[in-house]
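Have a look at the structure below, then the notes.
The values are calculated or read from the model by the stated rules, or taken from the named source; none is laboratory data. Keep in mind that what you see is a predicted model, and the values were worked out from it rather than measured. Reconstructed Cβ throughout: ideal geometry from the backbone, glycine too, with neighbour counts over all protein chains shown. For the accessible areas, the whole protein counts, side chains as well, though only heavy atoms, and no ligand, DNA or RNA atoms are used. Shrake-Rupley method; radii C 1.70, N 1.55, O 1.52, S 1.80 Å.
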Amino acid sequence: MFGNLFEEEGDEGLSSTSTTGKLVKSGDEPPPPRGRSNLCGIKNQGGTCYLNSLLQTLLFTPEFREELFSLGPEELGCLEDKDKPEAKVRVIPLELQRLFARLLLVDQQSASTADLTGSFGWNSSEGTNQHDVQELNRILFSALEHSLVGTSGSTFIQRLYHGTIVNSIVCKECGNVSQRQEDFLDLTACVCGVCSLEEALWNMFVEEEFFEGNNLYRCAQCDRLVTAAKSAKLKKLPPFMTMSLLRFSFDFAKLERYKETGRYSFPLTINLRPFCEQTDGEDSDFTYELFSVIIHKGGCYGGHYHVYIKDIDELGHWEPPVEDYKPKTQKKVKEEVKESCEPKVQEDDPLSVLTAIIAQESSKSVLLDQLGQKLMDKIGSSWSKKFRKPYGPIGKFLQSHNDVFMLVSNGTRVALKANPPSPVTEPPHPAETTISYDPSTAPEPGAPEQQLEANHNSKPEQGSHWFDLNDSTVTSIRESDIEKQFQGKESAYMLFYRKTQLHRPSEALNNPQYKVPSHLIQTAQEESIKVQQMREKFEATNNTVELHLHLAPSYRLENGALQPVNKESNGCIALSFDRRKTVGELRITIYQMQELWEGDMALTVAKSLPAGLHLYNTLTDDDVSLYSAGIHTNTELFVWNGREVFGATVQAGAEWEPVLLTVVRPFLGEDVDKEVENGVECDGSRADFENGEPGLKREARGFAGGSTLGQVREALGEPKESLLCQEHKKGKGREQGAGEGGGASGWRVFPPDDMQRTLKELSLKDGDALLVLEPQSLDSSVFTLYGDVVTVTTPSDCRWLQVEFRPQLKGGEEEKEEERKKVKVPATGNMLLCEVKQRAIEELQLQDLPSGAQFCLRQVDCTGKLLPPVCEEVSVREAGVRLMTTLTLCPGSSPKATQLLLYFSVGSAPSAGTEMDIIVEKNCTVKECLKAMLDAVGLDGTCWHLRRLDWCEEVGEPLMDEDASLSELKLLNGETLVVTEGLLPPKGFLKLSVWLCVDPENMATDFNHTDNGSAREQRLGGESAGNMAELISVGQVEISDEATLEDLKSQVLTLPSLQDVCVPTTGFLRLWQMEGQRLARILRGQQVTLRKLKLSSGTDLCVQLLQKEEDLGPKQVLLSVKMGIPGERCYYPSKELIWDASHDSSPRSLRTCLAAHFGLSPDSVLLAKHQPDKHVWEEISNWTQQVSKKKKKKKAESLLGAPFHLKDGDIIGAKNLLVDNNRDFITMEDEQGQQRLREQAEQRRKGGQTADGAGRTKSRKPEVPLSISVGVFR
């Protein structure tokens, strides 16, 4: 009736299991074993959840299953002969037998129905269309009956499921009774206006319909129109009664479909005696019990099916749901007792916190992957935020305190050495744990823990073998959970009852092989063995780690770190090893590799740092596995005697990590050649050195991080009077250092107290510069001491500045290069800029200009852009102006020392030359600055606020504190602000709208989203032809802008509409930022904060589920590639292609990447970019840009820039010129789109409305009838 309108909304076929260790491709991963229920699910092909629910119902109907298994190969044939023309193979029942055998006997989490649907004659697209499960039930039974014609099972569907209804019409005049019998497979029960199944059956089989008034009945015996009564009764009851609930109806007033979601109850046991024609007999002849409920979740245009089933033969392992382990009252009492007995811990001491967490656990141990969450529950903050910076990762912290903590249960749990878990209290392995709960034996609140544990091991309650089979997932439920499906968007759709007379033999209980043919048992066992071998091979591969061994004889200790003796060969040996083996086994393996090794052998975890190789913790426990010891792929191990290297004692641990410092010393010009020969880097121009001018020399030296600054001075051979200086924070390093055009570099002198502090305590890191000065060096004009700051001044300070005058142009005039006037002004670093300007005005002869004309000096950056005016009340050095550079003299006023010149625009980021400027005091507040800007542009009102520009010149973060001064906010001279309409957003938190992207052609699994009311369609990247992606609103999240992208993905998964989605890691989710209802860009970087991603409150995000883990780099572009069909003006379905443009973004690189993906020659591929808004294609040719005559260098070709600007989601058309001579990419749809655009433009010109006005209805997939192809066996 409803065709394929029931489109999948959710992805249920995804495995929830994840492997530990390195990730592998999903195609190489073996199927996971069955879960705790010991039942097998069925994989979803994209839209086959309705088929999965019905198949599970038939499987757990023992009589149906055994009738099917009773048919042997002599009647059905063999699948191996199905392609032989003379063979008569009944493929559908054979494939159904094989599927049932897999579901019963093969140890895998879920089985595939691909072979079965293939026997139906379905293609791949049919698996993505969802149909009505009641329609499938009738068509599947019909297909089975046709397939079994001429066999002993030709009537078993009729015997098990078919019943008879007798319809009677009684004439009220003569009493004549007219009867007609009809066969039924299932009963269709009305839902609209009815509150229960019993009421619907009463209306169908007890209430009479009267023919009277204008609606009379013609009696055959009376031969005239008479009053009559019509009724129906059940004449023959089948062993299995199927009830279909009419949840879907049509509203003829609104002309739309709708789903009945009101309460509709049905009993677990029903007596049909009142509805039958013959009422004689025992109650058991009329009594049925419920054993299956197929549930539909969603609306009339989309949803998902799953099924509640009672395990009649108790083939599965039932256990109470997790939330039922303990009564709520008991949980509450235990929490109160726990809080009262909980000792106070020092929250700033991680050792105290972790010890308290483990000690308070009843098992005296904690799962490693749950320790972080328990820590957050305890102190309200994560390890990364509170302890990671001073103590490192939590795993590293546990290893460094191996005297306190120990790993148990094969390295999966952590316990205290002082109080190790006993065999009684330590939880067993998950595969061996069986937990069940009987509420009848529930103890009183406050009962001992031992009593609770005893109750957990009790047997399942009577009649509790109910399971929820949701595609691949199978979970235990209680019988009372069925009542939850009486109403709502997720409610019962089909009911399956069985007669209470049907009893199962005792040998069928807990016996999945009962009445399964021997050849199917053997096939299933072989398949189980093959799957197990795949798992073992996968585990071996997945647990192999690559280790890098560094041998002590190849290293020596220099400058606080281990350096290789031979620079060409660093003595590193690669070793592949199973991380499940112990440290002792690894030590023996290394002994066997190094036959000449003598004495003890210690294995210490090492790390290659810029200063050299450094050692950390030594592996001392030979009985611990490498996994428990924290050894992973690419771990470096140092092999030594554990005491010394070539007689030198080696300091190990994080506190002794070496730091590679740049030691800077003064030197005389005549030492240049000698220093260069020794490899020492020298600052200053070569001309200065040749004239004997002094300068600086730099040398890289490594020092142990635990060394004090005084020890560093001694290691450098410097006297105690020498000064050690650190580069000033405001300086920009060597870019503005001595010898590069003026200005002085500043260095801060370490005070005497710092001589006793270590390099770690001083926060010195790799690459930091350390200036070493002897006292006599301060007598030189090069080094000047001001307080605790040493200024290094080179002879280049005493030079000149070039001043260039740019006249103010009138509108329409163009400036010519020769009209600019230039003059060189002698200047020093101490000269005031106002003197420089005055001398320039005099030499440029600008005194004749109108009186009152103001000029200012402005610097020019490397691109020729004018920088803000400089303050003229300070010196050249204080203003940061480098000598031997150019200043521009422009009309305008310059700010004073207490003022700032700010640029601003209204509404959006300004383009070049369009911003306005204003001069304000540094101590004025943000509110005063905003008022001055609004007054300058003639705006008023209070609904305005200021925002900064970010690094890519886009509107960034707002200035939140309106009462703070500009100096407190560290606004710089020349900074650009944007006056933005609207009130200030709340501080710190973002409110983001989340949409779900459902693409039926690309998404392999289903989301369980039920809210279709606000659903809307949108094309991925604006694609005009090809795959359509439907966007469904799933809610909003509120999150801090300091949270990472990984945190955002995790929070998105907590939305109620996505709670049923299972992904191994957040890397299997792709987040798009939407702009104007289009997918604009992919958010990259799992650890990047939302602030750095430039997400603002109100941004729309779209979540997309992936089939494999993805972590795109900044220059990796996701493209949608459509390969042209030779000889036709259309394309094959689009494919996703990740193009790495980090090294080469030229057309040649894209062509090579695409050709490799499709197995083509790059020279035969023609590419074009699609512009969906214009319906045109831009051909991407391997163009050659013109070569500049001056630079003689070819300009770089980049598709990321003009004119193509390739970005995520762009559509790329490709043609193989070897088989397709048509170079035109335009399709019929593009021509129609261009015609529509021309018509819309003409209508706009005439003042009419466009064709795309309001009133467009949502386009849906065409309704396709469900069918199953069956061969002829008559």
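Kindly establish whether Leu575 is over 40 Å from the mean Cα position of the chain (by Cα), within 18 Å of Leu619 (Cβ to Cβ) and open to solvent by less than 70 Å² (accessible area, probe 1.4 Å).
For Leu575, the condition - over 40 Å from the mean Cα position of the chain (by Cα), within 18 Å of Leu619 (Cβ to Cβ) and open to solvent by less than 70 Å² (accessible area, probe 1.4 Å) - is not met.
What tally of residues in segment 213-262 results from selecting those that are assigned to a loop (DSSP other than H, G, I, E, B), touching a residue at least 12 places away in the same chain (Cβ under 8 Å) and either among the aliphatic types (A, V, I, L, M) or loosely packed, with under 12 Cβ neighbours inside 10 Å (or both)? Before you say what the answer is, go through the steps one by one.
In the first step, residues of segment 213-262 are kept if they are assigned to a loop (DSSP other than H, G, I, E, B); the result is 213-216, 220-223, 227, 237-239, 247, 252-255, 260-262.
After this cut, where a residue has to be touching a residue at least 12 places away in the same chain (Cβ under 8 Å) as well, the list is 216, 220-222, 227, 237-239, 247, 260-262.
This time we only want the ones that are either among the aliphatic types (A, V, I, L, M) or loosely packed, with under 12 Cβ neighbours inside 10 Å (or both), so: 216, 220, 237.
Counting residues in segment 213-262 that are assigned to a loop (DSSP other than H, G, I, E, B), touching a residue at least 12 places away in the same chain (Cβ under 8 Å) and either among the aliphatic types (A, V, I, L, M) or loosely packed, with under 12 Cβ neighbours inside 10 Å (or both) gives 3.
Could you check segment 1069-1108 and list, in sequence order, the residues that are open to solvent by 10 Å² or more (accessible area, probe 1.4 Å), within 16 Å of Lys991 (Cα to Cα) and of a type in the set (A, V, I, L, M, F, W, C)?
Correct list: Met1074, Leu1093.
Name, by its number, the condition in (1) surrounded by 14 or more Cβ atoms within 10 Å (Cβ to Cβ); (2) modelled with pLDDT under 90 that does not hold for Lys720.
(1)
Show me the strands (runs of 3 or more DSSP E) found entirely inside segment 1115-1221 where at least 3 residues are in contact with an Asp or Glu (Cβ under 6 Å, 6 or more places away or on another chain) and either at pLDDT 90 or above or within 24 Å of Arg1070 (Cα to Cα) (or both).
Result: 1116-1123.
For the structure I just gave you, tell me whether Tyr301 is open to solvent by 50 Å² or more (accessible area, probe 1.4 Å) and either under 45 Å from the mean Cα position of the chain (by Cα) or closer than 21 Å to Asn52 by Cβ (or both). Lay out the reasoning, then the answer.
Values: open to solvent by 50 Å² or more (accessible area, probe 1.4 Å): yes; either under 45 Å from the mean Cα position of the chain (by Cα) or closer than 21 Å to Asn52 by Cβ (or both): yes.
Yes; evaluated as a whole, the condition is true for this residue.
When the residues of segment 599-625 are filtered to those that are open to solvent by 50 Å² or more (accessible area, probe 1.4 Å) and assigned to a loop (DSSP other than H, G, I, E, B), which remaining residue is farthest from Leu759 (Cα to Cα)?
Asp623
Looking only at segment 499-507, decide whether some residue is part of a strand (DSSP E or B) and closer than 28 Å to Tyr627 by Cα.
no
Spot the failing condition for Tyr514; the list is (1) touching an Asp or Glu at 6+ places or on another chain (Cβ under 8 Å); (2) surrounded by 15 or more Cβ atoms within 10 Å (Cβ to Cβ); (3) outside any loop (DSSP other than H, G, I, E, B), and only one is missed.
Of everything listed in (1) touching an Asp or Glu at 6+ places or on another chain (Cβ under 8 Å); (2) surrounded by 15 or more Cβ atoms within 10 Å (Cβ to Cβ); (3) outside any loop (DSSP other than H, G, I, E, B), Tyr514 misses just condition (3).
Out of everything in segment 1222-1239 that is open to solvent by less than 90 Å² (accessible area, probe 1.4 Å) and in a loop (DSSP other than H, G, I, E, B), what residue ends up being farthest from Arg1151 (Cα to Cα)?
Top of the filtered list is Thr1227.
Regarding segment 1242-1257, can at least one residue be identified that is assigned to a loop (DSSP other than H, G, I, E, B), open to solvent by 70 Å² or more (accessible area, probe 1.4 Å), modelled with pLDDT under 85 and hydroxyl-bearing (Ser, Thr, Tyr)?
yes
I'm checking my understanding of the structure. Among residues of segment 882-911 that are closer than 28 Å to Asp950 by Cβ and touching a helix residue (DSSP H, G or I) at 6+ places or on another chain (Cβ under 7 Å), which one is least open to solvent (accessible area, probe 1.4 Å)?
Phe904
Residue by residue, here is whether (1) within 22 Å of Phe703 (Cβ to Cβ); (2) free of Cβ contacts under 8 Å to residues at least 60 places away in the same chain holds:
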{"position": "Trp597", "(1), (2)": "no, yes"}
{"position": "Val605", "(1), (2)": "yes, yes"}
{"position": "Leu613", "(1), (2)": "yes, no"}
{"position": "Ser625", "(1), (2)": "no, no"}
{"position": "Ile631", "(1), (2)": "no, no"}
{"position": "Glu644", "(1), (2)": "yes, yes"}
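Within segment 1207-1223, which residues are in contact (Cβ under 8 Å) with a residue 12 or more places away in the chain and not hydrophobic (A, V, I, L, M, F, W, C)? Show your work before the answer.
Filtering segment 1207-1223 down to residues in contact (Cβ under 8 Å) with a residue 12 or more places away in the chain leaves 1207-1220, 1222-1223.
Within segment 1207-1223, Lys1207, Asp1208, Gly1209, Asp1210, Gly1213, Lys1215, Asn1216, Asp1220, Asn1222, Arg1223 meet the criteria.
Hey, which of the helices (runs of 4 or more DSSP H) in segment 318-406, taking only ones fully inside, have at least 3 residues that are among the aliphatic types (A, V, I, L, M), modelled with pLDDT of 85 or more and within 30 Å of Leu615 (Cβ to Cβ)? Reasoning before the result, please.
Values: elements: 328-341, 350-359, 368-379, 383-386, 388-391, 394-400.
So the answer is 350-359.
Could you please let me know if Arg1019 is at pLDDT 80 or above and open to solvent by 10 Å² or more (accessible area, probe 1.4 Å)?
Answer is no for this residue.
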